[in-house]
Amino acid sequence: MDFSGRLANQVSRIDRGIDRLLPAIDANPGRLHEAMRYSIQAGGKRLRPVLLLAAAELLDPDERTDPLPAAVAAECVHTYSLIHDDLPCMDNDDLRRGRPTCHKAFDEATALLAGDALLTHAFLLLGRNYRSELGLSLVRELATAADSQHLIGGQMDDLLAEKNAALSEPQLQSIHLRKTAAMIEASLVMGGLIGGANQGEVLNTLRRGGRSLGLAFQIVDDILDSTGDAATLGKTPGKDARAGKATFVRLFGLDASRKIAEEHSTSAASAFASLPGDTSFLVAIAQALVMRDK
Ligand code: GRG
């Protein structure tokens, strides 16, 4: 099967998993579950769960342990971060995944709780579906990526850096590594753990590839913010410039930013290519991410 067919298959497998593993809308309180499903079932590229499944499948093609609950858990944490990021006290955005943001479609309190509930549900999925040592490793990995020194810490520093266009490249890269790359790295490592990798070279390589991929992905996000349109992106473009934010585009310009993104994507692809098994799908994802238009 070609790359886009394989990707579409994985995305629809993840979408079915989300539908099965999220609380039902008619479970009480229905409004909360409706808001959780509204945001997580609005589409999205499903990058993190796709990477998790790809890493698991690479190491264990027969998938003796089902990686889908962990893939859904990663998407729950990611969607929580988007809902909270869009709130009036943060980015105050109206559009996400081509729809009104959660607090616009519902209300602010419901959106806050929907994000909280998605974050909590992620860890329930790991606790329910993975036993003993593996479960503990998955919880540790996902919690670290989402913690105050990674996802949330990156968001904090990003907020503090608003109106500070003079941020240096290392400072900007540190924010990207925590806010964006940590979740991408964790998704790959969780897939590796489920596929049977313990410590050692394979997990280190997934981490290294994940960090490079995360940087490439965020730089392309900065580029799309300055060149894309709302209809294609499904979110409001031009926000970085309006917020006076330092971005790769602002620091280096569009052409150099594209080149830097390509370098990170090439590093990610060569890390993945050095892993055991059929690495073609993971390598193709790393290459495709720099060509994306949303
Ligand atoms: C509020 C805890 C908290 C964290 C917010 C994720 C995040 C941190 C902010 C969202 C804004 C942003 C540009 C984050 C960088 C990561 C990123 C590029 C998110 C968008 O991910 P995509 O493009 O979104 O994978 P879809 O909708 O396709 O899943």
message: Checking the condition small (Gly, Ala, Ser) and touching a Pro at 6+ places or on another chain (Cβ under 6 Å), which residue from 24, 56, 42, 35 passes?
response: 56
task: Could you tell me whether any residue of the stretch 260-270 is in contact with a His (Cβ under 6 Å, 6 or more places away or on another chain), at pLDDT 90 or above and farther than 24 Å from residue 97 by Cβ?
output: no
message: Here is a list: 23, 61, 49. Which entry is within 25 Å of residue 139 (Cα to Cα), in a loop (DSSP other than H, G, I, E, B), at pLDDT 95 or above and not small (Gly, Ala, Ser)?
response: 23
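Conditions tested, residue by residue: (1) in contact with a strand residue (DSSP E or B) (Cβ under 9 Å, 6 or more places away or on another chain); (2) touching a residue at least 40 places away in the same chain (Cβ under 8 Å).
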residue: 4; (1), (2): no, no
residue: 31; (1), (2): no, yes
residue: 36; (1), (2): no, yes
residue: 43; (1), (2): yes, yes
residue: 56; (1), (2): no, yes
residue: 61; (1), (2): no, yes
query: Restricting attention to the stretch 55-90, which residues are over 18 Å from the mean Cα position of the chain (by Cα) and buried (at least 19 other Cβ atoms within 10 Å of the Cβ)?
result: 57, 58, 59
query: If you check residue 99 against the conditions, is it away from the ligand (no atom under 15 Å from the Cβ) and more than 18 Å from the chain's Cα centre (by Cα)?
result: no
message: Within the stretch 202-261, take every residue that is assigned to a loop (DSSP other than H, G, I, E, B) and small (Gly, Ala, Ser) and give me the one that is surrounded by the most Cβ atoms within 10 Å (Cβ to Cβ).
response: 246
- line: Every listed condition ((1) surrounded by fewer than 19 Cβ atoms within 10 Å (Cβ to Cβ); (2) touching a residue at least 24 places away in the same chain (Cβ under 8 Å); (3) within 20 Å of the chain's Cα centre (by Cα)) holds for residue 48 save (1)
- prompt: Within the stretch 26-46, restricting attention to residues that are of a type in the set (A, V, I, L, M, F, W, C) and assigned to a loop (DSSP other than H, G, I, E, B), which residue is nearest to the ligand (Cβ to nearest atom)?
  reply: 42
message: What pairs come out if I take residues in the stretch 271-294 that are within 14 Å of residue 197 (Cβ to Cβ) and more than 16 Å from the ligand (Cβ to nearest atom) and pair them with residues that are hydrophobic (A, V, I, L, M, F, W, C) and not in a helix (DSSP H, G or I) whose C-beta lies under 9 Å away, six or more apart or interchain?
response: 282/275
field: Boolean, residue 168 is over 25 Å from residue 270 (Cβ atoms) and either more than 10 Å from the ligand (Cβ to nearest atom) or at pLDDT 90 or above (or both)
entry: yes
statement: For the stretch 114-159, the count of residues that are in contact (Cβ under 8 Å) with a residue 24 or more places away in the chain, surrounded by fewer than 16 Cβ atoms within 10 Å (Cβ to Cβ) and within 16 Å of the ligand (Cβ to nearest atom) equals 4
- prompt: Can you find a residue in the stretch 263-275 that is of a type in the set (Val, Ile, Thr) and in contact with a Phe, Trp or Tyr (Cβ under 9 Å, 6 or more places away or on another chain)?
  reply: no
- request: Considering each of 4, 39 in turn, give the residue that is of a type in the set (Gly, Ala, Ser) and either more than 21 Å from the chain's Cα centre (by Cα) or within 21 Å of residue 109 (Cβ to Cβ) (or both).
  value: 39
message: Restricting to the stretch 262-273, give me the number of residues that are farther than 16 Å from residue 172 by Cβ and crowded, with 21+ Cβ neighbours inside 10 Å.
response: 5
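The values are calculated or read from the model by the stated rules, or taken from the named source; none is laboratory data. It should be emphasised that the depicted structure is a prediction, and the values quoted were computed from it without experimental measurement. Cβ sites come from the backbone with ideal geometry, for glycine too, and all protein chains shown count toward neighbours.
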